[in-house]
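Inspection log for the structure reproduced underneath, given as structure tokens.
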Amino acid sequence: TGRSLTIEGDIDLSVFPWLGLDIGTTHFSNAQGFGDEPMARMEAVQVRVKLMPLLRKQLEMDTVKLAGLQLNLGKDAQGRTNWSDLQGEEAATEEPAAAAEDSEASGALLEDLAIGGIEVSDARLIWDDRSSGARYEINDLAFTTGAIRPGDPFDLDLQFRMTSGEPVMNGAFDLSGGVLLGESMQSVDVSKAALDLELQGDGVPGGQMQVSLATDIALDLEKQTLTLPELLLKLAGMTITGNVAGTAITGDDPRFSGSFRIAEFVPRDVIKALGQDAPQTADGSVLGKADVMLDWEASTRHAAATALQLRLDDTTLKGEASVKQFDAPAIAFSLQADAIDLDRYLPPVTEGSAAPAQPATESAGEAGELPLDALRNLNLDGSVKVGSLKAYNLRSTDVNMRIKAKNGLLRINPAGARMYDGQYRGDITLDASRDTPRVSLDEHVTGIQAGPLLKDLTGDDKLLGTAELHAKLT
């Protein structure tokens, strides 16, 4: 390797009844250009195998102990890692048949496996990437297990502290659970898995966050399945329950499905917990309660919300949505809302409000700029229906619109609604495929009662009668 391996303490070897090795303080030098600090250092290692069972092709190990491990991994400014020189020259390609024979032979060496446990204490891992300036440290890592034997459950416990320099963040990680290895070593079941995270720092939304996850896990490599039958996640004031099921998990196109439920929460509190200011609204009571129900499925090629229900304050939204081909997303959705009062969510209007800081013409110009590249790449097909809508104090019912976009052509057709004993129908097209975008409108309003409309719009109904309006713009 061209490196120095230094064993400062004694090497103790035992033969019977345990074939064992005890090594004291040991360190392995770093690559040239990465400083004098060792790449790896450990205070003590103990590995012991029972001799007589080994002669019967049975591996029975005592508890494997590793104390004081310190591993320094890094990348220099040119992108070279401090382990790249250890990879050596590329090995000659082995014939597939010979490789298969070796694999079968090695697999037949052991007929049974038993390990007294694993104890890793006071470990430290460092990743220092000088090409990007990123630096991460894992400190006080402790990892313990009970006796490991296929078919018998054992406990697992892992804790460590983590810090990062950019963004500045630190936290504590704690994972525990019961593990069961299948007899064939192709399946793993984890019962009562519990993960707790405590994070602080500028890189954490809101400056600090606590996350807890509890679930069971079933992994079967032979059947290619992964199951989380019931999970419970708590973060940012939300309690999320659900399940996950996966098939063909190591294949070219793994598929997952499941459901999530977010119990009633306060959106304003969640926004604040994420470090954002809650929006100022005309009605201060809105964003006061919400809950979510979601059935979903996903693969490497698509993601879909097959059933969605969101309740926000007094509004219930239902529907479905999907995205196909992530490299060139094709988005489809169908959404229905029962009733919504948008005026409650708009910024409050106060008398004597300050004038805009910029000239009106400049603001209008900036507001009128269209994201042409985004529109040209948009592939969209969806529909929206609203049973009852109130916006800018105007009221309408049976609102519906179909939205399509492809190749730079965005069209809303049909668009319709009932309002003030009359009806609105519209066809709106935006053509962004050209250097200069073009807008065309075909609008029809029939049977509208002018008095009630003006009363809601201006507070005065001096004009009465039935209005009809047709407008076409190309």
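The values are calculated or read from the model by the stated rules, or taken from the named source; none is laboratory data. Every value quoted in this text rests on a predicted model; they were computed, and no experiment measured them. Neighbour counts are summed over all protein chains in view; Cβ atoms, including those assigned to glycine, are modelled from backbone coordinates with ideal geometry. SASA here: full protein model, heavy atoms, side chains in, ligands and nucleic acids out. Shrake-Rupley method; radii C 1.70, N 1.55, O 1.52, S 1.80 Å.
Averaging the Cα positions of each part gives two centres, and for the range 1-61 and the range 278-319 these lie 55 Å apart.
How much net charge surrounds L346 when only other residues with a Cβ under 13 Å from its Cβ are counted (Lys, Arg +1; Asp, Glu -1)?
-1
Which of (i) 33, 31, 20; (ii) 35, 23, 21; (iii) 62, 26, 25 is the computed semi-axes √(5λ) of the Cα gyration tensor in Å for the structure on display? Identified label for the calculated read-out: (iii).
Neighbours of T306, meaning other residues whose beta-carbon lies under 14 angstrom from its beta-carbon, give a summed charge of 0 when Lys and Arg score +1 and Asp and Glu score -1. Legend: helices of the chain (whole DSSP H runs) are marked when their alpha-carbon atoms reach 24 angstrom or more along the helix axis and their mean Kyte-Doolittle hydropathy is at least 1.6; nothing is marked.
Counting only heavy atoms of protein chains, what accessible area per residue, in Å², does the chain have with a probe of 1.4 Å? All intermediate terms of the calculation are to be shown ahead of the outcome.
Numbers: 28870 Å² over 474 residues.
Here the per-residue accessible area is 61 Å².
Amide H contacts under 5 Å for L274: none, restricted to partners 5 or more places along the chain or on a different chain, H placed in the peptide plane at 1.01 Å from N. Other residues lying with their Cβ under 15 Å from the Cβ of R48 contribute a combined charge of -3, Lys and Arg counting +1, Asp and Glu -1. Whole-Hz Karplus values for the range 179-195 come out as 10, 10, 8, x, 4, 7, 6, 9, 9, 9, 10, 10, 9, 6, 5, 10, 10 Hz, taken residue by residue from phi with 6.51 cos²θ - 1.76 cosθ + 1.60 and θ = phi - 60°; glycine and proline positions read x. Need the C-alpha centroid separation for the range 198-246 versus the range 327-345, integer Å. Each part's Cα centre sits 27 Å from the other's. For a straight C-alpha distance cut-off of 15 angstrom, the aspartates and glutamates reachable from K472 (same-chain residues fewer than eight places away being disregarded) are D427, D442, E443. Annotation: lysines with alpha-carbon distance below 22 angstrom to K324 (same-chain offsets under eight excluded): K404, K406. Is the C-alpha gyration tensor of the range 219-345 telling us rounded, prolate or oblate? Criteria: a/c under 1.5 is rounded; beyond that, a/b larger than b/c is prolate, otherwise oblate. The shape class here is prolate.
The portion of the accessible surface of the chain made up by carbon and sulfur, rounded to a whole percent, is 56 (1.4 Å probe; DNA, RNA and ligands excluded).
Excluding same-chain neighbours fewer than eight residues apart, the lysines reachable from K289 by a Cα-Cα span under 23 Å are K234, K272, K318, K385, K390. Based on DSSP H segments of at least four residues, each scored -39500 (n - 2.57), the chain has a per-residue ellipticity at 222 nm of -2500 deg cm²/dmol. For the peptides 372-381, 459-468, 291-300, the ranking by packing is 291-300, 372-381, 459-468, with the highest mean count of neighbouring Cβ atoms within 10 Å listed first. Considering the options P167, L199, G178, tell which one lies farthest towards the positive end of the dipole of the range 126-201, charges being +1 on Lys and Arg and -1 on Asp and Glu at the Cβ, about the Cα centre. Value: P167.
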